Amino acid sequence: MIKFACHCNHLFELPEDMAGRQVQCPSCQRLVDVPTHDELAQLSDDGTFRLDEPLSPEVDHFDQMRHVYAKDKVDENGVEIDLRQTSADLSAAGTSDNVFEFEQHPTAPKYDPETGELIRPLDIVEDLKIAPHPSQVPLATSPLNYATPNLQGDVPYSPLARLFAPLNLITMFFVLLFHIFFFITAVIPFLSVMAILVIGPAIIAHYANVTEEIGIDERDELPRFLRHLNFMDDILLPFFHVAIAWLICFCPTEILAAIWAHNHWPLAGEIAVRSIFDVAGLIFFPAVVLTTVTSGALANLRPDRVLSVIAVIGPRYAVLVILHAVAFGLYLLGMVIPPMEIFLFITNARHPTPMYTGPAACVLLVVAIFLMHYFAWLMGLAYRRLHLKFHWVFHDDVRIIPGVNAARYSRPVRGFPIQPPRL
């Protein structure tokens, strides 16, 4: 029989097979655990368990715990921490075994229980065939090579061969088609407004988009014409950037020519002054348009900052000036002669120019489109390589990459780059 008391002093007398079970006290209605024979000796008369005297804390207990659980591999004296049991630890545990016996006397030879073959230790040798060096692992190349080292603009003609890639040729072909569409709509009275307000600005904005894609976005291919079909980001803002640069570089010439003509000053002097100002505008135009398209702030158009762009680019800036002058001259011939030929053909006027003038002008237009893309590409490479050295203000070179340093639902910035939020 198991005899014990409940908390309410009710006495239980239960058979031994009830040990470890629970019964309900008829007095206090509580569930009571039936103690075992080992627990009966620890029960007091009121049904509670007796507690032994608390153990006295060890003096060096904290030091032992810090020695075992410390994250450092050496102690305060610089000695490597060895957690293996020592002879003193074994003696304190009541044994006199030699802990170094295994190291001093290796175990007997072992044999495979099925084949009886002697088991020998295996030497771990690095096998280069199985685990080659990471630099020797072949990696798949991406379909679009962004920021390829050999296209960083080390030589002025580096993108020249790249422009003959099929995708880039297709892009320039669509640009040529829009030029033809511009010629057709320009001579039709009802469509001339669309040609002047939409198609013309879209063509000019396309070259600014090329500089942005090559420079800011670090792409190594031409963007699509009209890019993402966003009127504000792909047409209006890029055209606005180029228009500001054109007004700064060439508008003073027109103002001075108008003043000269109003005062009836000598024509030779007007031609000389116009030539000087036009040459100065051609010289400064690459630096000014690069600032308006990529710097992100009109404050960078201050003369000293524009001159700093020219100084940082160095001798290669002369290549940009010459290339833009040639492309711009061919563009004027290619954009003026074909509409004039179309107008003369529609009005059945007598053809005053040779028959090959129109086809030759079309060839010049094709060459001008190619050279203008080459010029815009070099401008983007100049920004990509040297923009950290330009003396610009309010300029942040950090790209907004959705899902990497910005929200996944955000889109890359077009036009003026803005500073992403600091995470």
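The values are calculated or read from the model by the stated rules, or taken from the named source; none is laboratory data. Keep in mind that what you see is a predicted model, and the values were worked out from it rather than measured. Cβ sites come from the backbone with ideal geometry, for glycine too, and all protein chains shown count toward neighbours.
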For region 195-233, enumerate the residues that are modelled with pLDDT under 90, in a helix (DSSP H, G or I) and more than 23 Å from L301 (Cβ to Cβ). A195, I196, L197, V198, I199, G200, F231
Can you tell me which residue within region 31-48, out of those that are under 11 Å from F4 (Cβ atoms) and charged (D, E, K, R), is surrounded by the most Cβ atoms within 10 Å (Cβ to Cβ)? E39
Is it the case, given these coordinates, that V187 is among the hydrophobic types (A, V, I, L, M, F, W, C), assigned by TED's automatic domain parsing to the domain that holds L320 and within 40 Å of the chain's Cα centre (by Cα)? no
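What residue, among those in region 194-212 that are in contact (Cβ under 8 Å) with a residue 24 or more places away in the chain and closer than 17 Å to M335 by Cβ, is surrounded by the fewest Cβ atoms within 10 Å (Cβ to Cβ)? Outline the logic, then answer.
First, pick out the residues of region 194-212 that are in contact (Cβ under 8 Å) with a residue 24 or more places away in the chain: 198, 201-212.
Still in the running and closer than 17 Å to M335 by Cβ: 198, 201-207.
Numbers: V198: 14, P201: 18, A202: 22, I203: 21, I204: 16, A205: 25, H206: 28, Y207: 23.
Here the answer is V198.
Kindly indicate whether V312 is assigned by TED's automatic domain parsing to the domain that holds A165, under 30 Å from L169 (Cβ atoms), in a helix (DSSP H, G or I) and touching a helix residue (DSSP H, G or I) at 6+ places or on another chain (Cβ under 9 Å). It would help to see each step written out before you state the result.
Values: assigned by TED's automatic domain parsing to the domain that holds A165: yes; under 30 Å from L169 (Cβ atoms): no; in a helix (DSSP H, G or I): yes; touching a helix residue (DSSP H, G or I) at 6+ places or on another chain (Cβ under 9 Å): yes.
No; evaluated as a whole, the condition is false for this residue.
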Do we have any residue at all in region 294-306 that's among the hydrophobic types (A, V, I, L, M, F, W, C) and touching a His at 6+ places or on another chain (Cβ under 7 Å)? yes
Within region 14-30, work out how many residues are modelled with pLDDT of 85 or more, within 17 Å of M1 (Cα to Cα) and in a strand (DSSP E or B). 2
Given the criteria of a type in the set (A, V, I, L, M, F, W, C), under 18 Å from A243 (Cα atoms) and either within 34 Å of the chain's Cα centre (by Cα) or surrounded by fewer than 22 Cβ atoms within 10 Å (Cβ to Cβ) (or both), does L298 qualify? yes
Is it fair to say L344 is at pLDDT 85 or above and in a helix (DSSP H, G or I)? no
